[in-house]
Amino acid sequence: MSRQELIKSLKKKNPKLNQLELESVIDIFCKSIESALKNGQNVEIRGFGTFFIKKIKEKYNARNPRTNELIYVPEKNKIRFRASKKLKNIINE
């Protein structure tokens, strides 16, 4: 589902809100998740799932498969999502 499709479905459920208000709601929601993850916090949405940061260790002996050259891969953060039991049950029905 794209951002525009999400706005259209919200518009059907909330016809009193206009397009700009719906866009600002989605923007605020996304920005708050971004800022929480940036600050190292987990974001838990009950009944949906949890977003969290996982640190990936640095690698000293990784290889470039094309040139077979040794390269250094620095430590980095990755965003992970763990679905709730409720969401898993809904998807697997």
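The values are calculated or read from the model by the stated rules, or taken from the named source; none is laboratory data. All values reported here derive from a predicted model rather than from experimental measurement. Note: ideal-geometry Cβ built from the backbone for every residue, glycine included; neighbour counts use all protein chains shown.
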Please enumerate the residues belonging to the stretch 17-36 that are surrounded by fewer than 12 Cβ atoms within 10 Å (Cβ to Cβ) and either touching a residue at least 60 places away in the same chain (Cβ under 8 Å) or of a type in the set (Val, Ile, Thr) (or both).
-> Ile28
Scope the stretch 67-93; condition surrounded by 11 or more Cβ atoms within 10 Å (Cβ to Cβ), part of a helix (DSSP H, G or I) and either in contact with a strand residue (DSSP E or B) (Cβ under 8 Å, 6 or more places away or on another chain) or small (Gly, Ala, Ser) (or both); matching residues = Leu87
Determine which member of the set Asn39, Asn64, Asn14 is modelled with pLDDT under 90 and surrounded by fewer than 10 Cβ atoms within 10 Å (Cβ to Cβ).
-> Asn64
With respect to Glu58, determine if the residue is among the acidic types (Asp, Glu) and touching a residue at least 12 places away in the same chain (Cβ under 8 Å).
-> yes
